[in-house]
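What follows is one structure encoded as structure tokens, with my remarks underneath.
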Amino acid sequence: MGRAFALLASLSVAAVLLGGCARDPGPDITADLVEMPSPAGPGSSAPHLALTPAGAVVMSWLEASADGAAHELRFSTLGPDGWSSPGVVARGTDFFVNWADYPSVSPITANDWAAHWLVKQPGGIYSYDVAIAISRDAGANWSAPLTPHDDGTPTEHGFATLFRWDDALGAIWLDGRNTKKDAAGESMAPDPGGMTVRYARIGFDGKMLAGGEIDDLVCDCCATDVAVVAAGPVVTYRNRTREEIRDIAVARYADGAWQPPVILGDDQWYLPGCPVNGSTIAARGERVVVAWFSASKRQPRVQLAWSADGGASFSAPVLVDQGTVSGRVDVVLLADDVAVVSWTAKLADGSGEIRMRRVPASGEPGPVRTVTKGDVSRNAGFPQMVATAERLVFAWTVPGEPSRVTTATLAID
């Protein structure tokens, strides 16, 4: 097809999602994966996929001007005849554009949507703020941007996730206010040196309703994610200890307060630096699943853990894949207590793959399948996946000059 990624087809969809328990000895190829004409144009990158309350897919992405001086945050909705004409949330020459810290458009209710992107601030390369805009008419019009943090420090604020929190908008993000230093290089924070996870609850009129800290020391640039259960939001992120152990944490809001975070898997991954590889979460009712990447003891692997009680407790980790995996994990939860996990892998010859696997809450995982082959370098960003009642929808960036966002679907039988 003349692209950096080639979509492949040879096996039945039933074998992909409902197949046997062992790794398939045949070609590691997904069937009936259909590439769709993408609404994203040349110079596009950083896709994000979300679902409306009615189950429609919304994709957002960044698109650069021809000279690269400005960027727009655009979005489109997937309908029976393909993607809608793109809408624009915001445009600017001050966007902070980063391969790992991507923006989003998130339908919170049928009419109340929210979007976020990153805005550069004076003070350093990684001095930027989270900007949030709200639409009360399903994306037709957008408010002026607001920021969920009020510290005003020239530090990093990013890796945000937006979600519905009762009758309001919830936001979590990584916050660098404790990393601020004075002219002499000394910390200006009472507990210096670490990124934190913070939250805000925001009315759809833009008023700040609540906010604070969830965890006082976390990994610097691993993405956050949120699922919502009956008790409230369940947040996942990569924790960090003073001894530089960087394992995956889950914190849940219950009984009117954030409960102490718990560590999943106890990988004991010692790493004096950020792996830029966060965790991802999905929920249906009280069933919750979290998937993540680890390379503890130099053994790269993708794992997941299940919860049947809204995130209060989790199973021991289930191994999804290992060896050549490079992470950038996503997970969706199907109606029959089956998770579908996607991730990237880099092969010995330098080529890459996006892979997927069906993992039931009970029973053995299905075969590992290849979604697509091609460049999975940093320029390819983080592949995205969502599930509707009928199909999986994928989006990823094809690197190049210019780059371009590609989308594809896979029917669920």
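Rounded is the label for the chain, because a/c, from the alpha-carbon gyration tensor with a ≥ b ≥ c as root eigenvalues, stays below 1.5.
Taking a ≥ b ≥ c as the square roots of the Cα gyration tensor eigenvalues, the stretch 36-123 comes out oblate, since a/c reaches at least 1.5 and a/b does not exceed b/c. Here the stretch 214-245 is scanned for amide nitrogen atoms under 16 Å from the site 7 Å beyond the Cα of GLU286 along Cα-to-Cβ, giving 228-234.
Distance between the 7 Å Cα→Cβ label points at GLN268 and THR388: 4.7 nm.
For ASN239, the shell of other residues with beta-carbons less than 13 Å away shows a net charge of -4, using +1 for Lys and Arg and -1 for Asp and Glu.
How large, in percent, is the carbon and sulfur part of the accessible surface of the stretch 93-177 at a probe radius of 1.4 Å? The C+S portion of the solvent-accessible surface of the stretch 93-177 is 49 percent.
For the chain, what is the relative contact order in percent, using Cα pairs closer than 8 Å and at least 6 residues apart in sequence? Rounded, it is 16 percent for the chain.
A simple spin-label model places pseudo-atoms 7 Å from Cα toward Cβ; at ALA69 and SER85 they are separated by 2.7 nm.
A probe of 1.4 angstrom, applied to the heavy atoms of all protein chains, finds THR93 with accessible area near 100 square angstrom.
Suppose all protein chains stay in the model; what accessible area per residue would a 1.4 Å probe give for the stretch 274-413, in Å²? Could you put the intermediate results ahead of the total?
Details: 4880 Å² over 140 residues.
I get 35 Å² per residue for this part.
The ASP413 and THR93 beta-carbon pair, evaluated with R₀ = 41 Å, returns a calculated FRET efficiency of approximately 0.30. Computed with a 1.4 Å probe over protein heavy atoms only, the accessible area of TRP142 comes to about 50 Å².
Comparing PRO275, PRO367, PRO37 in a Gaussian network model of the chain where C-alpha atoms under 10 Å apart are linked, the largest mean-square fluctuation is found at PRO37.
Expected output is a single nm value to one decimal: the length gained when fully extending between ALA110 and ASP167, i.e. 0.36 nm times separation in residues minus the C-alpha distance. What is it?
Working: separation 57, 0.36 × 57 = 20.52 nm, distance 1.23 nm.
Between ALA110 and ASP167, full extension yields an extra 19.3 nm.
FRET efficiency for the pair ALA335 and ALA257, taken as 1/(1 + (r/R0)^6) with r the Cβ-Cβ distance and R0 = 30 Å, rounds to 0.45. Remark: the SER315-ALA138 segment gains 59.9 nm on full extension, using 0.36 nm per residue and subtracting the alpha carbon distance. Divide the volume of the convex hull around the Cα atoms of the stretch 226-305 by the residue count and you get 85 Å³ per residue.
With all protein chains in place and ligands, DNA and RNA left out, the 1.4 Å accessible area ranks LEU78, LEU51 as LEU51, LEU78, largest first.
What are the semi-axes of the equivalent ellipsoid for the stretch 267-334, taken as the square roots of 5 times the Cα gyration tensor eigenvalues, largest first, in whole Å?
Working: eigenvalues 105, 29, 23 Å².
Equivalent-ellipsoid dimensions as semi-axes: 23, 12, 11 Å.
Here the extension length gained between ASP150 and LYS346 equals 66.5 nm, from 0.36 nm per residue of separation less the Cα-Cα distance. Rounded to the nearest 500, the helix-only mean residue ellipticity at 222 nm of the chain stands at -500 deg cm²/dmol, with each DSSP H run of n ≥ 4 adding -39,500 (n - 2.57).
Order of 226-233, 276-283 by packing, highest average Cβ count within 10 Å first? Let's see the in-between values first.
Details: 226-233: 19.8, 276-283: 24.8.
Listed from highest to lowest mean packing, they are 276-283, 226-233.
For the stretch 183-332, just say rounded, prolate or oblate: build the C-alpha gyration tensor, square-root its eigenvalues into a ≥ b ≥ c, call rounded for a/c under 1.5, and beyond that prolate if a/b exceeds b/c, oblate if not. Oblate. At a probe radius of 1.4 angstrom, the accessible area of the stretch 45-189 per residue rounds to 41 square angstrom.
The values are calculated or read from the model by the stated rules, or taken from the named source; none is laboratory data. Since the structure is predicted, the reported quantities are computational estimates derived from the model, not experimental observations. Backbone-built Cβ (ideal geometry, glycine too); neighbour counts: all protein chains shown. Surface accessibility is based on the protein's heavy atoms, side chains included, excluding ligands, DNA and RNA. Shrake-Rupley method; radii C 1.70, N 1.55, O 1.52, S 1.80 Å.
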